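For reference, the structure is listed below as structure tokens.
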There are 2 protein chains.
Amino acid sequence: VDTKIALTGFGNVGQGLATLLHQHGEEYRHRYGTRILLTSVSDRRGAAIDAAGLDLPRLLAAKSQTGSVGGYGVESGESDPDAFLARSQASLLVEASTTNFDDGEPGWTYVREAIVRGLDVVLASKGALALHWKDLFERARERASRVLFSATVASPLPSLDLASYSLIGTDIRSLEGILNGTSHQILTAMSRGLSYDEGVRQAQEMGIAETDPTLDVDGWDAAAKAAILANAIFDTELTVHDVRRQGIRGVTVDDLQAASAAGETIKLIARVARTDSDVEASVAPERRSIDDALGRLSGDAMGVVFTVEPLGTMAATIEFGGHGGGITTAMTVLRDVLKLARSRSAFPPR
Amino acid sequence: VDTKIALTGFGNVGQGLATLLHQHGEEYRHRYGTRILLTSVSDRRGAAIDAAGLDLPRLLAAKSQTGSVGGYGVESGESDPDAFLARSQASLLVEASTTNFDDGEPGWTYVREAIVRGLDVVLASKGALALHWKDLFERARERASRVLFSATVASPLPSLDLASYSLIGTDIRSLEGILNGTSHQILTAMSRGLSYDEGVRQAQEMGIAETDPTLDVDGWDAAAKAAILANAIFDTELTVHDVRRQGIRGVTVDDLQAASAAGETIKLIARVARTDSDVEASVAPERRSIDDALGRLSGDAMGVVFTVEPLGTMAATIEFGGHGGGITTAMTVLRDVLKLARSRSAFPPR
């Protein structure tokens, strides 16, 4: 059985997915019983479509040589989401275009169109989820379309997996986490004596921070993740704008030194807590003991801690061995794809 | 839809399950769409059977007053597993009797009988898994019986969940963990200056260690967990006797003080590692930095760390707020039960 994928966005995550499929496609076919084909890809400037499966090395070369998948060399048709999806013959959309928190476009349009066509959807971009949660899942329910989004919540940290599998039957009261890698890296650098500006520059040189780091350092990215986790775990309908949000621009080296003198450090903590009547989400820099599950994490790491009744606390942390970034997000996307493909292949195809 | 359960063993875990069902049964019915009924329970000295559902307060009272569920007051029939399962009309066996690592009885006989009858099985005891893995799953496959066993691998630590959901598509190279709570508690007490004997006595007074702590302090329990995790994750067929095993009896307060002087501590670490040709499992006391994901855990905690390519390391830890023991294991059993009940209710009942 083939699983045909339409992919929107071809940045780090999209290229990571193509690379994984090229390098490990045979292995996945053997292990998971389905051949995964990329049958259409679009980026800001063009599209490549072949319902028989795009040639992945050629696709990656076109992107690196011409700056767009449009250089792959098929006639265009990319500006129309409907035609893009129809011609790909895909059963699944992977949405990995650059996100914004104003209207969630261009991803939101593609996602709606995919749902109308009965495709399943795997999201790597946060805009649609952090702005249109309710609308999105109403549409999906109506068309029996499945929507997975592990990659949007600090993948490959298993926040959603813990909540939906490992903690079934318990009462989750709250979660807190270090969910934004860039701010975390900058705070770690500052705790070693660098200024905020130097920390940002270092993160940019490491390829972690964007040229404009606003979404990370002002807490937007962490706030979007908090809203998505709140919605998924506590069944609310928050948008990123409902999350109390304070970034790390105000944190000084003096603050970090004062914390250090007290056996503490400063981390950008995202928190979602259930009260009797409500669910509250926030992002802010916090002093933490260097011994606690989040306070001990430095540099290249992420973590989440659930407070659960009647258990106590359950923490999951990842310390990357220099492997953060696009490829690990691509692996999370792939995992969602494989989940959908596996359950789909057990039934007659639509 | 009702889910009828036959339960073998009525110690901490079995009583915990009955208590949870009594306290939260209505809530589970509402949340998961099935009414869970305990229709038969056996312990060493008797059985109670009612296909319409046992009265749970009466069952718990019978146990505490007479020392056996036989005091519930129905005619016996308990010595014959076939009759016990038939009369319960159960679709699911929960096996929670006291384990042994010689022949895995009495659980192994009940499990085989349940599989023959087409029941699904949830295991809380380790004997059958740690001795008869291959045989057990061949029988289960043949009868399309599903066998879950989260509770046997240091529940509620999500070791299996991480391996089977969160790390899909990655290459797990090894795992190491603090999987035995009793040894961990004793080592923690010793690191605070208590002798080994005092540590054992304290753990016994806390209700953590058995009167005969052999299975815990000699590493049997951790070794069984390592064998089960190895089999489940790396598709091997190890028994507990294939695991290199060293317990904590040889650890002295001097050893712990020497470790402490070097910023380290001593933990009983279970390890499973994949080599090119083989899978190796071991249990032994190890010096660990007090900063690392396992070394930092003290007292009332457990943890597991996966080394994964190309990710880095993924750790999951639980710090219990005094809630370890029977009730948390019972919650894990219940979680497996709910998983089976949910997927079962989507299809016509057998």
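The values are calculated or read from the model by the stated rules, or taken from the named source; none is laboratory data. What you see is a predicted model; the values in this text were computed from it and never measured. Please note: Cβ atoms are built from the backbone with ideal geometry, for glycine as well, and neighbour counts cover all protein chains shown. For the accessible areas, the whole protein counts, side chains as well, though only heavy atoms, and no ligand, DNA or RNA atoms are used. Shrake-Rupley method; radii C 1.70, N 1.55, O 1.52, S 1.80 Å.
Within region A:198-213, work out how many residues are among the polar types (S, T, N, Q) and open to solvent by 100 Å² or more (accessible area, probe 1.4 Å). Lay out the reasoning, then the answer.
Initially, region A:198-213 is screened for residues among the polar types (S, T, N, Q), giving A:202, A:204, A:211.
Restricting the remaining residues to those that are open to solvent by 100 Å² or more (accessible area, probe 1.4 Å) gives A:211.
Number of matching residues: 1.
Can you tell me which of A:Asp276, A:Asp292, A:Asp255 is within 22 Å of B:Pro158 (Cα to Cα), open to solvent by 20 Å² or more (accessible area, probe 1.4 Å) and not basic (Lys, Arg)?
Going through A:Asp276, A:Asp292, A:Asp255 in turn, just one is within 22 Å of B:Pro158 (Cα to Cα), open to solvent by 20 Å² or more (accessible area, probe 1.4 Å) and not basic (Lys, Arg): A:Asp292.
Looking only at region A:322-338, filter to residues that are outside any loop (DSSP other than H, G, I, E, B) and within 7 Å of another protein chain (Cβ to nearest Cβ); which one of those is modelled with the lowest pLDDT?
A:Ile327
Just checking, which of A:Thr34, A:Thr8 is of a type in the set (Val, Ile, Thr) and either more than 18 Å from A:Leu340 (Cβ to Cβ) or modelled with pLDDT of 95 or more (or both)?
A:Thr8
Which residues, taken from region A:213-265, are among the hydrophobic types (A, V, I, L, M, F, W, C) and more than 24 Å from the chain's Cα centre (by Cα)?
A:Val251, A:Val253, A:Leu256, A:Ala258, A:Ala259, A:Ala261, A:Ala262 - these are the residues of region A:213-265 that are among the hydrophobic types (A, V, I, L, M, F, W, C) and more than 24 Å from the chain's Cα centre (by Cα).
Whether any residue in region A:170-177 is basic (Lys, Arg) and within 29 Å of A:Glu264 (Cα to Cα) is what I want to check.
Yes, because at least one residue in region A:170-177 is basic (Lys, Arg) and within 29 Å of A:Glu264 (Cα to Cα).
Which pairs have Cβ atoms under 6 Å, sit 6 or more apart or on different chains, and link a residue in region A:20-46 that is within 19 Å of A:Ser88 (Cα to Cα) and open to solvent by 100 Å² or more (accessible area, probe 1.4 Å) to one that is aliphatic (A, V, I, L, M) and modelled with pLDDT of 90 or more?
Partner pairs satisfying both residue conditions: A:His22/A:Leu56.
In region B:287-321, how many residues are closer than 16 Å to B:Thr182 by Cα, out of contact with any Leu (no Cβ under 7 Å at 6 or more places or on another chain) and assigned to a strand (DSSP E or B)?
Adding up the residues that qualify gives 2.
Given region B:123-207, what helices (runs of 4 or more DSSP H) lie entirely inside it while holding 2 or more residues that are farther than 28 Å from B:Gly299 by Cβ?
B:127-143
Read through the list (1) open to solvent by 40 Å² or more (accessible area, probe 1.4 Å); (2) free of Cβ contacts under 8 Å to residues at least 12 places away in the same chain, then give the number of the only condition that A:Glu105 fails.
(2)
Which numbered condition in (1) open to solvent by less than 30 Å² (accessible area, probe 1.4 Å); (2) under 30 Å from B:His24 (Cβ atoms); (3) touching a helix residue (DSSP H, G or I) at 6+ places or on another chain (Cβ under 7 Å); (4) at the interface with chain A (Cβ under 10 Å from one of its Cβ atoms) is the only one that B:Ala224 fails?
Of the numbered conditions (1) open to solvent by less than 30 Å² (accessible area, probe 1.4 Å); (2) under 30 Å from B:His24 (Cβ atoms); (3) touching a helix residue (DSSP H, G or I) at 6+ places or on another chain (Cβ under 7 Å); (4) at the interface with chain A (Cβ under 10 Å from one of its Cβ atoms), the odd one out for B:Ala224 is (4).
Can you go through B:Arg146, B:Arg141, B:Arg87 and tell me which one is more than 14 Å from every other protein chain (Cβ to nearest Cβ), in contact with a helix residue (DSSP H, G or I) (Cβ under 7 Å, 6 or more places away or on another chain), surrounded by fewer than 21 Cβ atoms within 10 Å (Cβ to Cβ) and not hydrophobic (A, V, I, L, M, F, W, C)?
Going through B:Arg146, B:Arg141, B:Arg87 in turn, the sole match is B:Arg146.
For region B:1-49, name all the residues that are out of contact with any helix residue (DSSP H, G or I) (no Cβ under 6 Å at 6 or more places or on another chain) and of a type in the set (D, E, K, R).
Listed by number, the residues that qualify are B:Asp2, B:Lys4, B:Glu26, B:Glu27, B:Arg29, B:Arg31, B:Arg44.
Pick out the one residue from B:Ser191, B:Ser159, B:Ser164, B:Ser195 that is within 14 Å of another protein chain (Cβ to nearest Cβ) and open to solvent by 10 Å² or more (accessible area, probe 1.4 Å).
Selected residue: B:Ser164, the only one of B:Ser191, B:Ser159, B:Ser164, B:Ser195 that is within 14 Å of another protein chain (Cβ to nearest Cβ) and open to solvent by 10 Å² or more (accessible area, probe 1.4 Å).
Under 7 Å by Cβ, and 6 or more places apart or on different chains, what pairs join a residue from region B:110-123 that is farther than 15 Å from B:Leu340 by Cα with one that is open to solvent by 10 Å² or more (accessible area, probe 1.4 Å) and of a type in the set (Asp, Glu)?
Partner pairs satisfying both residue conditions: B:Glu113/B:Asp82.
Tally up the residues in region A:122-138 that are surrounded by fewer than 24 Cβ atoms within 10 Å (Cβ to Cβ) and either of a type in the set (Gly, Ala, Ser) or closer than 18 Å to A:Ala6 by Cα (or both), please.
The total comes to 0.
When region B:177-186 is examined, which residues are found to be within 14 Å of chain A (Cβ to nearest Cβ) and open to solvent by 10 Å² or more (accessible area, probe 1.4 Å)? Walk me through how you get there before you give the answer.
Taking region B:177-186 and keeping what is within 14 Å of chain A (Cβ to nearest Cβ), we get B:177-178, B:181.
Within region B:177-186, B:Gly181 is the sole residue that qualifies.
Would you mind telling me which numbered condition in (1) modelled with pLDDT under 95; (2) within 20 Å of the chain's Cα centre (by Cα); (3) hydroxyl-bearing (Ser, Thr, Tyr) A:Ser277 fails?
A:Ser277 satisfies every listed condition except (2).
For region B:245-278, enumerate the residues that are within 24 Å of A:Ile318 (Cα to Cα) and more than 14 Å from chain A (Cβ to nearest Cβ).
B:Glu264, B:Ile266, B:Lys267, B:Leu268, B:Ile269, B:Ala270, B:Arg271, B:Val272, B:Ala273, B:Arg274, B:Thr275
So, in region A:280-314, how many residues would count as being within 20 Å of the chain's Cα centre (by Cα), within 11 Å of chain B (Cβ to nearest Cβ) and under 23 Å from A:Thr236 (Cα atoms)?
4
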